[in-house]
């Protein structure tokens, strides 16, 4: 018998479209350990192109797209299903992000997943936790990006996550405009960083953990400079070292003149802002010293992506947690999923969504379609859709949450098209499968289900074939099916009922 392919034979790629830099990591696994094959980085400074009106400038988009052209060449040899591209703070915030995403996805030939700040924090911790041996106590992980700073408290898994609205690029732009440095400007940035961090002290202060770890280019750069300057004996960042480094930085008066030992010239421009952010985090959270990890979000993405192929999908855990949190009727979910998957098997090649994705989306939508009952019975499908769209759902991208919300919103009553944005493609045929699964299982019993049901999509129409005797014995269902035809007509869909 042929041996199953192990993850040691598989190559994965993570492309992180950060606010400061774009990073590509290509890696495999050897005996369960990450094996780095290739790394590539470009300083894009995307956050600097975010104008006062909240839109990305044309110049910043062109720079980013030129960078993606280079990345696309390296990704050609990796299977698309083993690649994940994520966008973080700047692409979350930009009002014209859709315009950039449309052009960027055309360049890469791949979807870009915009993730929330808390999902970013989870992936960072997943990467850092693999870099450090497990300990018996809690660990604080701090990651400073171009536009946001992530805090994570955890052990083997994250316990508490937070994303703060400050980063090396955004703080440099705000507090060191035109690259000018002064003690007064640094103090203003430091106070702002402390104020932003202040609300997080309850959960992330030093009294709650035994070890602090930093990740990302900003923190690694600070650690390298402190060590090269002889401000610490070991490769750790200390509060005293930060204070001494800050005093040295303000002496230069201009970012371009920052000639510090161990500092990459490409990082000079955003170094003061990143230093103020880390200094403020140290002061507010009571950090005395911090180790630095070589791993960051890219490694976390690879571990998370590999897990999806080896039955460790965080999204499944999130769905299970939501079902417990909102006290979902598991038996009803099982009935509806079994019914829907029988229909899906007949038409999966006719859907807009790929077979694997349609199966997952259908199962998750069924599992979560009634969570809105925790709010109110009336219009509960609207409450369910709202919760799915706006909740923190570890493992899910914003696009995936939007698709789930759309499906759940339309599982009953009048069909409601959502406002279309780039990256959101409504699959009305998948909606029909969900609606039929709901319609035939309204009585919450398997006893009355038809033994045989056939479905086909032909020429823009859905044909549903049932046993004539069964239809005659279930007049309420027959009436509901006729009403369903009217609902579908409202969005230009046609359904034909056939009885044999």
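Tell me whether region 356-365 contains one or more residues that are buried (at least 21 other Cβ atoms within 10 Å of the Cβ) and either free of Cβ contacts under 8 Å to residues at least 60 places away in the same chain or over 30 Å from residue 86 (Cα atoms) (or both). Looking through region 356-365, at least one residue is buried (at least 21 other Cβ atoms within 10 Å of the Cβ) and either free of Cβ contacts under 8 Å to residues at least 60 places away in the same chain or over 30 Å from residue 86 (Cα atoms) (or both).
Residues in region 109-124 that are part of a loop (DSSP other than H, G, I, E, B) and more than 8 Å from the chain's Cα centre (by Cα): 109, 110, 111. Of all residues assigned to region 401-422, none qualifies as being buried (at least 19 other Cβ atoms within 10 Å of the Cβ), touching a residue at least 12 places away in the same chain (Cβ under 8 Å), touching a strand residue (DSSP E or B) at 6+ places or on another chain (Cβ under 8 Å) and not assigned by TED's automatic domain parsing to the domain that holds residue 158. Please find, among 485, 468, 429, the residue that is under 22 Å from residue 350 (Cα atoms) and more than 36 Å from the chain's Cα centre (by Cα). Going through 485, 468, 429 in turn, the sole match is 485.
Wholly within region 365-451, which helices (runs of 4 or more DSSP H) include no fewer than the required count, namely at least 2 residues that are at pLDDT 95 or above and under 30 Å from residue 125 (Cα atoms)? Walk me through how you get there before you give the answer.
Values: elements: 380-390, 398-409, 428-440.
Ranges flagged: 380-390, 398-409.
Kindly indicate whether any position in region 223-241 is in contact (Cβ under 8 Å) with a residue 60 or more places away in the chain and surrounded by fewer than 19 Cβ atoms within 10 Å (Cβ to Cβ). Looking through region 223-241, none of the residues is in contact (Cβ under 8 Å) with a residue 60 or more places away in the chain and surrounded by fewer than 19 Cβ atoms within 10 Å (Cβ to Cβ).
Taking residue 284, is it under 28 Å from the mean Cα position of the chain (by Cα) and crowded, with 17+ Cβ neighbours inside 10 Å?
Working: under 28 Å from the mean Cα position of the chain (by Cα): yes; crowded, with 17+ Cβ neighbours inside 10 Å: yes.
So residue 284 fits the description; yes.
Note on region 296-316: residues that are modelled with pLDDT under 95 and closer than 26 Å to residue 234 by Cβ total 1.
Summed over region 148-174, the residues that are outside any strand (DSSP E or B) and surrounded by fewer than 24 Cβ atoms within 10 Å (Cβ to Cβ) give a count of 6.
The values are calculated or read from the model by the stated rules, or taken from the named source; none is laboratory data. All values reported here derive from a predicted model rather than from experimental measurement. All Cβ positions, even for glycine, are placed from backbone atoms using ideal geometry, and neighbour counts span all protein chains on display.
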